[in-house]
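Written below as structure tokens is the structure these notes are about.
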Amino acid sequence: MRKNIYIIMLTVLTALASCSDWLDIQPSDRITEENNFSSVSGFEKALNGIYVELNQSSIYGKEMTCGFVEVLAQRYAVADINKVVKEYMNFKYAGTETKGIISNIWSKEYALISNVNCLLKNCEEHRDVLSERDYNLIKGEALALRAFLHLDLFRLFGPIYDPDKPALSIPYYTVYSLDVSPKLSSVDYMKQLEADLLESESLLAKSDPILRYGVSGDPQNDFWQARNLRLNYYAVQGLMARAYYYMHNDTEAFKHAMNVVEAHEKTFPWITPMRITSSNPDRVFSTEIMFSAQNLERNSIFAGNFDGNNLKMTTLLAPRTDVVNYLFDNEKVDYRYIAWLKNSVENSGTSYSIFNKYQSQSSDSLYNQMIPLIKVSESYLIATECSTDYYESLRIYNILRNHRGLLSKSIMYQEDIDAEWIREFWGEGQLFFYYKRNNKESIKDATSQYGTRSITANNYVMPLPEGETKYN
């Protein structure tokens with residue numbers, strides 16, 4: 001981490017010393033920590049700055065959602081002429097540009113963790129500035145952000161997790177400091193992550209306005225509105241389900257997933273067909289999103305990566321149409337197919353589906369600015385897999401299918417659960433981690449309708465950026 005510590009410091013100064021509102025950051029390196037945290041508004045600006053920085057293309061603005069990690073999951077039939085992307089599609093990580101993508105993910109995520117730790121430090125040092133509610137909410141969200149970022153770093157750079165076989169992992173940073181933290185064992189790393197989530201859950205349970213007012217938040221306080229743009233209490237439940245599921249703690253994963261399943265209809269209701277097929281379609285199923293990045297330039301993600309009508313094969317990311325039809329079992333009534341993949345374009349005799357989840361008809365609607373980070377459906381799939389009662393699993397599984405426009409099944413196999421993970425999270429960066437969690441040795445091939453491709457344990461672990469192994 002020493003190589004990147006100066007980058008982290010600069011990011012702290014800019015992100016924490018800035019922003020006049022949600023999405024208007026004016027960096028400055030002349031504002032001191034003391035000035036930043038001398039008022040509630042200083043804490044609000046600092047927290048907002050961290051959320052805004054999630055939109056960097058090197059992380060959740062592309063690579064950690066619809067870019068790098070989706071290529072690893074074999075989402076797109078990348079053309080040979082697209083040499084860099086084709087390289088890491090084939091799990092080759094030694095190329096200069098590929099190493100740059102990996103290094104940027106590492107440094108940007110740890111930079112944001114450093115920002116979070118600076119905020120948490122000042123929550124205690126300037127406790128007198130914050131009301132009890134502000135303290136609970138700001139600290140609760142910050143702890144959840146720290147866990148969210150650390151979990152993704154572990155899922156990308158850490159070993160395949162086995163609770164019975166601890167392996168050397170990566171550092172978990174809990175303090176704002178220039179000192180380099182040592183690598184932890186995978187089990188100790190997850191214990192620290194669990195501690196952050198449990199404390200976050202406890203704090204948000206006391207004060208989160210979503211529990212009283214729903215997603216819209218506190219009508220008397222602008223800062224505590226639009227709760228699905230923040231790590232709210234229910235989003236933390238979903239994050240805990242994700243973390244415990246990754247840790248193979250099925251009991252806890254099921255418990256927190258069911259906390260979502262049993263509460264979401266009122267707060268995060270299922271998408272309706274009318275919203276998907278309107279003239280300004282809700283392609284991300286925004287009513288079901290518990291936590292989302294807000295990106296005013298989201299359509300540029302579509303235009304620069306997925307617009308099959310305008311992009312050349314040197315840059316286009318697109319799945320083959322025959323593969324899409326196979327993955328959706330030719331069930332073209334599936335809401336996900338209709339909203340994301342029904343249009344196609346032909347190139348050199350091959351039909352490619354246009355992935356348009358992030359295409360926006362207008363930026364006026366909030367759902368046209370959202371990049372999903374935690375959704376209700378993930379909790380349904382985790383509960384399906386982690387329940388000890390087969391018939392309960394089948395019931396939960398069929399609820400999800402029904403709200404995707406599909407008929408119930410009378411029998412469910414592991415292959416059916418796999419298929420839902422593939423269909424449900426296009427462009428959201430979750431599929432590769434699902435494969436890694438289950439140490440899949442064979443995954444669906446992007447270039448063949450019926451084909452699969454092999455993947456090894458080593459392919460699942462990104463190499464640490466150059467310079468990091470020297471100090472960790």
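Derivation of every value follows stated rules applied to the coordinates shown; laboratory data play no part. Nothing here was measured: the structure is a model prediction, and the numbers come from that model. Using ideal geometry, Cβ is built from the backbone for each residue, glycine included, and neighbour counts are taken over all protein chains shown.
Quick notes
- In terms of packing, defined here as the mean over residues of other Cβ atoms within 10 angstrom, the peptides 309-317, 254-262 line up highest first as 254-262, 309-317.
- Region 359-472: C-alpha gyration tensor shape, a/c 1.5 cut-off, then a/b vs b/c: oblate
- Cα-based reach from Lys92 at 23 Å (exclusive), listing lysines while leaving out same-chain residues under 8 positions away: Lys62, Lys83, Lys108, Lys436, Lys440, Lys444, Lys470
- Among Asp208, Asp196, the order by Cβ neighbours within 10 angstrom, fewest to most, reads Asp196, Asp208.
- Sites Ala94 and Asp162, calculated FRET efficiency, Cβ-Cβ separation with R0 25 Å, nearest 0.05: 0.40
- Cα centroid separation, region 95-139 to region 276-290 (Å): 30 Å
- Förster radius 41 Å - calculated FRET efficiency between Gln414 and Asp322, Cβ distance, rounded to 0.05: 0.95
- Classified by the C-alpha gyration tensor, region 80-137 has a prolate form. Its axis ratio a/c, with a ≥ b ≥ c, is 1.5 or above, and a/b is larger than b/c.
- Derived scalar couplings ³J(HN,Hα) [region 92-97; Karplus, 6.51 cos²θ - 1.76 cosθ + 1.60; whole Hz; x for Gly, Pro]: 9, 10, 8, x, 4, 6
- Percentage relative contact order, the chain, counting C-alpha pairs under 8 Å, at least six apart: 18 percent
- Note on Ser448 and Gln225: the model spin-label points, each 7 Å out from Cα along the C-beta direction, lie 5.4 nm apart.
- Here the extension length gained between Val180 and Asp329 equals 48.7 nm, from 0.36 nm per residue of separation less the Cα-Cα distance.
- Shape of region 142-263, Cα gyration tensor, a/c cut at 1.5: oblate
- 12 Å beta-carbon shell around Asn136, net charge (K/R +1, D/E -1): -2
- Counting neighbouring beta carbons within 10 Å and listing from fewest to most, the residues His248, His264, His126 come out as His248, His126, His264.
- Distance from region 384-417 to region 299-341 (C-alpha centre basis), Å: 26 Å
- Taking Lys and Arg as +1 and Asp and Glu as -1, the other residues whose beta-carbon sits under 13 Å from that of Ser454 total +1.
- For Tyr246, neighbours were defined as the other residues whose beta-carbon sits under 13 Å from its Cβ, and their charges (Lys and Arg +1, Asp and Glu -1) total -3.
- Cα-Cα P(r), the chain, percent of pairs per 20 Å interval: 24, 60, 15, 0
- Stretching Ser348 away from Ala205 to a fully extended chain increases their span by 45.9 nm, per 0.36 nm per residue minus the current alpha-carbon distance.
- Rounded to whole Hz, the Karplus (6.51, -1.76, 1.60) HN-Hα couplings of region 400-414, x for glycine and proline: 4, 4, 4, 8, 10, x, 10, 6, 5, 10, 8, 9, 10, 10, 4
- By the rule of a C-alpha distance below 20 Å, with chain neighbours fewer than 8 residues away ignored, the lysines paired with Lys139 are Lys45, Lys121, Lys191, Lys206.
- Segment Lys191-Glu265, length gained on full extension (0.36 nm per residue, minus Cα span): 23.5 nm
- As a rough footprinting exposure proxy, the listed residues Tyr460, Tyr450 were ranked by other beta carbons within 10 Å of their own, and the order from fewest upward is Tyr450, Tyr460.
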